[in-house]
Amino acid sequence: GSPLVATYLGGTAEIFEDVETARLVPAGDAASLAAAIVQLYRDADLRRRFSAAARERVCREFSLTKAAEGLAEVWGDVLADRG
């Protein structure tokens, strides 16, 4: 449930939703990074909204149940190919 400030690097944008749960800035842009951190630091309401949205998204999209279902699907495909 923590708000996030990160760079667009790797899969960051696919995991975190800029505007709803995080502030994403271009890699190497120190000024944008600092501005995003300051904005979250100064705006308690924004931090609360980001925190709530981040927690809800993680519980919905990255639960242990969902991970286990994904693994079961992968291994089911692997075992079916061996059969």
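Numbers at a glance
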item	result
Those residues of region 43-69 which are modelled with pLDDT of 85 or more and among the β-branched types (Val, Ile, Thr), in sequence order	THR65
Identity of the residue in region 18-38, touching a helix residue (DSSP H, G or I) at 6+ places or on another chain (Cβ under 7 Å) and surrounded by fewer than 17 Cβ atoms within 10 Å (Cβ to Cβ), that ends up nearest to SER63 (Cα to Cα)	GLU20
Test: residue in region 53-68 that is in contact (Cβ under 8 Å) with a residue 24 or more places away in the chain, open to solvent by 90 Å² or more (accessible area, probe 1.4 Å) and not hydrophobic (A, V, I, L, M, F, W, C)	yes
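The values are calculated or read from the model by the stated rules, or taken from the named source; none is laboratory data. Because the structure is a prediction, the values reported are computed rather than measured. Cβ atoms come from the backbone with ideal geometry, glycine included; neighbour counts cover every protein chain shown. For the accessible areas, the whole protein counts, side chains as well, though only heavy atoms, and no ligand, DNA or RNA atoms are used. Shrake-Rupley method; radii C 1.70, N 1.55, O 1.52, S 1.80 Å.
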